[in-house]
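Any read-out appearing in this document is the output of simple, stated calculations on the displayed coordinates, not a laboratory observation. In this text the structure is predicted, and so the values were computed from the model without any measurement. No Cβ is skipped: glycine too gets one built from the backbone with ideal geometry, and neighbour counts run over all protein chains shown.
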Amino acid sequence: MHVENFKIFSDLVESESFSRAAKLNGITQSAVSQQLRAMEKHFNILIVDRSQKQFRLTREGQKLYESAKEILYLYDKLNSELQEMKKVISGTIHISTVYSIGLHELPPYVKVFLAKFPEVNIRVEYRRANMVYEDILTNSIDLGLIAYPQKHKQLEVLPFHDDVLVLVVSPEHPFADRKSVDIQEVAGQKFIGFEPDIPTRKATDAIFKEENIEAEPVMEFDNVETVKRAVEINAGIAILPQTTVVREEAQGLLKILKFKNKTYKRPLALIHRKGRVLTPAIKKLIDLLTSKDLNRLETLENEVANADDSK
């Protein structure tokens, strides 16, 4: 029995899906089924209760799963400790995040990190917020980056930083020649929003409720890039994280307006599953992303730039 067998079995139990376990391990569903039957034959037990419509472990299967998790934890812990002893910072880090963070918040950190640790490979997957949580809980991803973090007993939530929500309009909009706007002025405007299940949309709805504003979106989209395109053609206005529209403002495609006497923050956080063994590379990335020193990233970026200039 190999460690890989326990990994596939654990993924199957946690996802309750043969197709998901197959995808996580780069094998076919048939191979997952064969692995399960091989484990049942090896231990001479019935692991899955096949009389049930839903995926359910037998008592022996539950015991095997608990032991498999212990074995995998010890294996990962040993591997991490050996890397630390050799002072090796390498491997692949899988990150799951939403578009607004992955495209506009994460890149400068990744650039600095890879310049310092070129042996590390970072893979970023863009997902809806609910799927980021699922990726972490099923152990298919190392780290997640989300907005408006939700507490969960199986998750470690680490503050990243706070973004600021601003009003975004087309250069052709009547508000375009202004630098700020009262939140009440949003009422009656054509409003472009995110889909209802997206955290930033929920936060916007909460702002409108608090301010007693009626603002039903005329359009709804599932990502920030599409919302921006709709605002660019003056189909309506939108409330977006400021960092996501800096480039468009510089290009003259959009105008950013701050709210008078109001600051609406959008908290961002890093999440990973509690109890997960963190490799040296993951620890270094977490340290960079969660640093309290606001000047640290700028300092590191300067170091990278100077290193590039000296080549």
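Each Lys and Arg Cβ is given +1 and each Asp and Glu Cβ -1; about its Cα centre, segment 3-85 then shows a dipole of about 460 debye. Dividing the convex hull volume of the alpha carbon atoms of the chain by its residue count gives 179 Å³ per residue. Relative contact order (percent) for the chain, with alpha-carbon contacts under 8 angstrom and 6 or more residues of separation? Normalised by residue count, the contact order of the chain is 21 percent.
Over all directions, how big on average is the projection of the convex hull of the alpha-carbon atoms in segment 66-158, in square nanometres? It would help to have the intermediate numbers written out before the result.
Numbers: hull surface 28.0 nm².
Result: a mean projected hull area of 7.0 nm².
Each Lys and Arg contributes +1 and each Asp and Glu -1, all at the Cβ; summed about the Cα centre of the chain, the dipole is approximately 820 debye. Annotation: the residues Val168, Val186, sorted from fewest to most other C-beta atoms within 10 Å of their own C-beta, follow the order Val186, Val168.
Which of Lys41/Lys151; Lys69/Lys151; Lys202/Lys284; Lys41/Lys69 have a Cα-Cα distance over 30 Å? Don't skip to the end; give the middle numbers.
Numbers: Lys41/Lys151 40 Å; Lys69/Lys151 23 Å; Lys202/Lys284 33 Å; Lys41/Lys69 20 Å.
Too far apart for the 30 Å limit: Lys41/Lys151; Lys202/Lys284.
Give me the net charge for the shell around Ala215: Cβ to Cβ below 12 angstrom, other residues only, Lys and Arg +1, Asp and Glu -1.
Details: positive: Lys190, Arg201, Lys209; negative: Glu185, Asp205, Glu211, Glu214, Glu216.
Once all neighbours under 12 Å are counted, the net charge is -2.
With a sphere of radius 11 Å drawn around the Cβ of Ile198, what net charge do the other residues whose Cβ falls strictly inside it have (Lys, Arg +1; Asp, Glu -1)?
Values: positive: Arg128, Arg201, Lys202; negative: Glu195, Asp197, Asp205, Glu220, Asp222.
After counting each charged neighbour, the total is -2.
Give me the net charge of Leu253's neighbourhood, meaning all other residues with Cβ under 15 Å from the Cβ of Leu253; Lys, Arg count +1, Asp, Glu -1. Taking every Cβ under 15 Å from that of Leu253, the sum is -1. Comparing segment 26-181 with the 2.2 N^0.38 Å rule of thumb, its C-alpha radius of gyration ratio is 1.50 (two decimals). Diffusion coefficient of segment 132-233 by Stokes-Einstein, Kirkwood radius over Cα pairs, 25 °C, 0.890 mPa s: 154 µm²/s.
Helix-derived [θ] at 222 nm for the chain: sum -39500 (n - 2.57) over DSSP H runs of at least 4, divide by residue count, nearest 500? Provide the component values of the computation, followed by the final result.
Numbers: 12 runs with 138 residues, N = 311.
Roughly -13500 deg cm²/dmol at 222 nm, from the helical runs in the chain.
Computed over segment 3-85, the alpha-carbon pair-distance distribution with 10 angstrom bins reads 18, 48, 26, 7, 1, each value a whole percent.
Projecting the Cα atoms of Val13, Gly188, Gln62 onto the charge dipole of the chain, computed from C-beta unit charges around the Cα centre, puts Gln62 farthest toward the positive end.
Taking packing as the residue-averaged number of other Cβ atoms within 10 angstrom, the listed peptides 76-86, 240-250 run from highest to lowest as 240-250, 76-86. Each DSSP beta bridge with both residues in the chain is either parallel or antiparallel, and the antiparallel ones are about 55%.
The antiparallel fraction among DSSP beta bridges confined to segment 1-139 stands at about 10%. Taking a straight line from the alpha carbon of Lys153, these aspartates and glutamates sit under 14 Å away, with near neighbours fewer than eight places off in the same chain left out: Glu134. Here the relative contact order of segment 1-120, from alpha carbon pairs under 8 Å that lie six or more residues apart, stands at 20 percent.
Within the listed set Ile237, Ile136, Ile27, the residue fluctuating most in the Gaussian network model of the chain (springs between alpha-carbon atoms under 10 angstrom) is Ile27.
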